[in-house]
Amino acid sequence: MHSYQGRVLRVNLGENNAQAEPLNMDWAAQYLGGKGLGIKYLYEEVPAGTDPLSERNKLILMTGPFTGTVVPCSGKLAIISRSPATGTILDCSIGGHFAGELKFAGYDAVILEGKAAKPAYLYIEDDEARLLDAGELWGLGAHRAEDVLREKHGPEAKALVIGPAGENLVPMACISSEYYRQAGRGGIGAVMGSKNLKAVVIKGAKGLRVTNAERLLERLQEIMHQDTLTEDNLWAYTDGTPMIVELSQTTGILPTHNFQDGNFPGFESINADAIREARVGKRACVSCALGCGNFTRRGASVVEGPEYETLALCGSNCGIADLEAIIAFNKACDDLGLDTISVGNVTALAMEMAEKGIHDFGLRFGDIQSYLEVPGKIAVREGIGADLALGAKGLARRYGGEDMAMQVKGLEFPGYEPRGSWSMGLAYATSDRGACHMRAWPVANEAYGDLDPFTSEGKAQLVVELQHYNAVKFSTILCDFWALSLDTLAEILTLVTGKTFSTTDLEKIGERTVNIARLFNVREGFTAKDDTLPERVFKDALKTGPTAGRLLPRAEYDKMLKEYYILRGWQEDGKPTQEKMQELGL
Amino acid sequence: MERIKIVVTLAGSLNKYFQGEKVRAISMPAKAVAGDLLQQLSLPRESISFVAVNGVKASLEQALQEGDKVKVYPPVSGG
Amino acid sequence: MGLKFAGDKCIGCKLCQLACSAAGEGVFNPLLARLFVSSYYEGPELKVQGRVCTLCGTCVETCPTNAITFAEGQLSFIPENCDVCGMCIAVCPEQVITPRENGVALCNLCGGSPWCIKWCPHEALVLEEVS
């Protein structure tokens with residue numbers, strides 16, 4: 001297949017040894033790249049029961065066949081490991097320009113193994129890969145660390161870095177690039193920290209050879225104009241994800257006060273109009289024709305963002321309607337290397353714990369001063385930060401309030417209230433890495449679309465199809481903001497790789513990817529009982545707004561989940577059947 | 001025939017249907033429903049997510065009233 | 001007609017550079033492009049830079065062996081005439097002439113219909129009259 005470099009850089013950090021090896025092209029044919037291929041490698045190489053923060057865990061940086069090409073919206077990198085937050089498989093995706101540079105340096109992937117003897121960073125320039133001392137970088141914020149690396153290696157060098165949160169093994173630590181792009185979830189930054197690895201820096205001069213350049217440029221350029229830069233997708237350019245604030249508010253699913261409600265009276269201070277007013281620039285990932293990034297400024301605070309998830313979790317969910325405060329909070333999280341979804345979620349939980357008299361962390365809904373101190377404390381695990389760094393599940397286990405810890409498998413809910421969009425509940429519960437909005441985004445069809453949000457009818461089928469769609473997209477790799485059809489995706493993949501792919505082939509690759517992720521989790525002891533939601537979703541009705549009085553009745557949830565297993569060819573205990581595994585070649 | 005006046009906002013990329021303007025007051029027949037508004041603005045159904053009337057998502061069959069604030073949202077994918 | 005770069009519209013996607021290198025030499029490699037754009041954060045600022053051939057003619061005037069010519073609105077590189085002295089690279093004010101084995105690569109506007117413009121998603125690159 002074309003458009004692969006056919007090479008993996010394997011780096012043993014403990015032995016200070018880096019070697020290129022051939023990419024397993026049989027696996028590439030079955031899983032393409034990105035999410036799928038990364039999970040396949042991890043499944044084969046990391047044995048069951050491996051402590052995520054031990055040196056036996058691995059960190060895999062994986063590109064796909066679209067990376068480094070002109071396929072629109074193909075700038076993302078997949079990072080795969082076992083999650084310290086959940087113990088599940090973990091694949092994150094990060095934007096920016098690193099992925100393209102990795103491909104231009106002549107690699108499809110980097111596999112990081114072992115643990116460096118002391119703080120180090122990996123420098124890769126084409127065939128040269130060296131482990132360099134990071135003594136002076138350790139302890140620095142991600143932004144300053146990236147500045148130092150650029151000063152040292154030139155402005156064209158691209159870097160993945162961790163902040164203090166990753167160094168301190170906080171299970172909501174992320175990996176950052178170009179200040180504001182994050183591989184956010186599941187504590188992927190803590191895995192990097194556990195390896196004493198502050199950064200990976202890359203410069204590539206080799207490029208990626210193409211066989212039929214004229215035809216590729218001609219056809220893909222038509223597709224970009226006719227299918228990418230269209231009404232379906234241009235919201236990403238005109239507004240980006242803040243557009244979703246009002247979609248959620250008007251449908252009653254905007255997380256408010258730790259998911260006690262789906263209706264936030266202050267939404268107009270954090271909506272797309274407010275972000276447009278604060279916007280001073282736009283920025284895209286490499287190869288992205290849309291360019292969703294909003295560079296915003298309010299007072300002394302700047303950030304690229306805040307994205308919808310941050311506005312929801314760190315805004316409405318914490319009762320904060322002050323955009324300047326959210327921008328400052330966002331910027332602090334990015335620099336410290338923290339995932340805004342998990343931090344916003346656990347902060348709101350702590351606020352509710354005080355409200356309910358469970359424990360007082362000095363945090364209150366809407367109180368800006370105490371709120372702004374949270375990221376700094378979590379990153380170094382000081383004071384209340386030591387508790388909040390446990391995550392929502394760990395915090396509630398320690399102090400009580402497990403019913404209101406809004407998480408699945410230890411990963412905190414993102415910004416969609418499942419009581420107002422029942423399929424989203426099923427998507428959270430069955431996602432491979434805990435409560436995640438990127439494995440399937442059925443709100444578009446349901447709360448924001450034409451389907452009735454308050455019925456279980458047909459929802460399992462919807463979630464299954466969307467999970468396959470996203471899994472194959474994240475394996476090529478494409479950004480989820482381009483809503484292309486599988487037919488178009490098949491055409492592009494055929495054009496780029498020179499191997500014929502049909503829509504059915506892609507569905508099968510998506511299904512295979514979902515199943516190997518499931519097998520990884522089954523091997524780690526996860527079963528059907530883990531595919532559930534916090535009690536609050538089943539028991540407590542939302543209070544105000546369009547979804548007032550709504551909950552997700554447990555019987556309806558159980559019905560969706562049962563149907564989901566049947567459609568998946570999984571047993572009642574949630575394990576894939578032998579027949580299904582055979583069918584998928586697993 | 002009796003007519004009503006409503007205030008329409010087109011969110012994000014949809015403002016091109018108002019030649020770049022964001023908000024307009026629109027006159028509609030008294031018995032108009034939300035779907036009629038889309039037709040009047042030549043806004044194809046597939047170009048929108050949904051219509052909200054007075055801050056709440058509404059069906060396209062919902063009857064419009066004098067003074068209603070209607071907001072139309074573009075389709076989105078992936079949060 | 002020459003290339004014009006509008007920094008306020010550029011989102012830094014580099015599709016122009018990737019299309020340029022693919023069209024010119026069958027490889028996706030921004031370093032081989034005949035133009036350069038960059039968008040990056042530095043402290044509290046978002047910086048955008050762009051360098052394109054402005055058809056200023058300095059390379060044509062400087063080349064001692066007539067290996068670069070200007071005719072019908074386009075630059076051409078004639079490899080047989082090139083001594084590989086590197087003077088055009090040194091004098092190009094936009095730094096968009098880059099070395100190759102036995103010569104240089106420069107922008108010939110793709111014969112009149114530049115790929116970089118076709119690939120720019122937000123009209124940050126346009127063709128306009130130059131004097």
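Some observations on this one:
- When C:16, C:56 are screened for being free of Cβ contacts under 8 Å to residues at least 40 places away in the same chain and either more than 30 Å from residue A:145 (Cα to Cα) or more than 7 Å from chain A (Cβ to nearest Cβ) (or both), only C:56 passes.
- Against the numbered list (1) assigned to a strand (DSSP E or B); (2) touching a Phe, Trp or Tyr at 6+ places or on another chain (Cβ under 9 Å); (3) hydrophobic (A, V, I, L, M, F, W, C), residue A:145 comes up short only at (1).
- For region A:96-116, a tally of residues being under 14 Å from residue A:78 (Cα atoms) and more than 11 Å from chain C (Cβ to nearest Cβ) returns 9.
- Enumeration of residues in region A:293-323 that are away from chain C (no Cβ under 14 Å) and not in a loop (DSSP other than H, G, I, E, B): A:308, A:309, A:310, A:311, A:312, A:313, A:314, A:315, A:316, A:317, A:318, A:323
- Checklist (1) within 14 Å of another protein chain (Cβ to nearest Cβ); (2) not in a loop (DSSP other than H, G, I, E, B) applied to residue A:451, failing item: (2)
- Looking only at region A:457-485, and only at residues there that are part of a loop (DSSP other than H, G, I, E, B) and more than 14 Å from chain B (Cβ to nearest Cβ), the one that is nearest to residue A:222 (Cα to Cα): A:458
- Selection within region A:212-222 - facing another protein chain (nearest Cβ under 8 Å), closer than 16 Å to residue C:26 by Cβ and either surrounded by fewer than 20 Cβ atoms within 10 Å (Cβ to Cβ) or touching a residue at least 60 places away in the same chain (Cβ under 8 Å) (or both): A:214, A:216, A:217
- Given (1) touching a His at 6+ places or on another chain (Cβ under 7 Å); (2) surrounded by fewer than 21 Cβ atoms within 10 Å (Cβ to Cβ), index of the condition residue A:158 fails: (2)
- Evaluation of residue B:17 against the conditions (1) more than 13 Å from chain A (Cβ to nearest Cβ); (2) of a type in the set (Ser, Thr, Tyr); (3) not in a strand (DSSP E or B) shows that the sole unmet condition is (1).
Conditions (1) surrounded by 24 or more Cβ atoms within 10 Å (Cβ to Cβ); (2) farther than 25 Å from residue A:514 by Cβ; (3) in the same structural domain as residue A:522 (by TED's automatic domain parsing), marked per residue:
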{"position": "A:2", "(1), (2), (3)": "no, yes, no"}
{"position": "A:26", "(1), (2), (3)": "no, no, no"}
{"position": "A:32", "(1), (2), (3)": "yes, no, no"}
{"position": "A:39", "(1), (2), (3)": "yes, no, no"}
{"position": "A:56", "(1), (2), (3)": "no, yes, no"}
{"position": "A:65", "(1), (2), (3)": "yes, no, no"}
{"position": "A:78", "(1), (2), (3)": "yes, no, no"}
{"position": "A:92", "(1), (2), (3)": "yes, no, no"}
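The values are calculated or read from the model by the stated rules, or taken from the named source; none is laboratory data. None of the values given here were measured: they were computed from a predicted structure. Neighbour counts run over all protein chains shown; Cβ positions are idealised from the backbone, glycine included.
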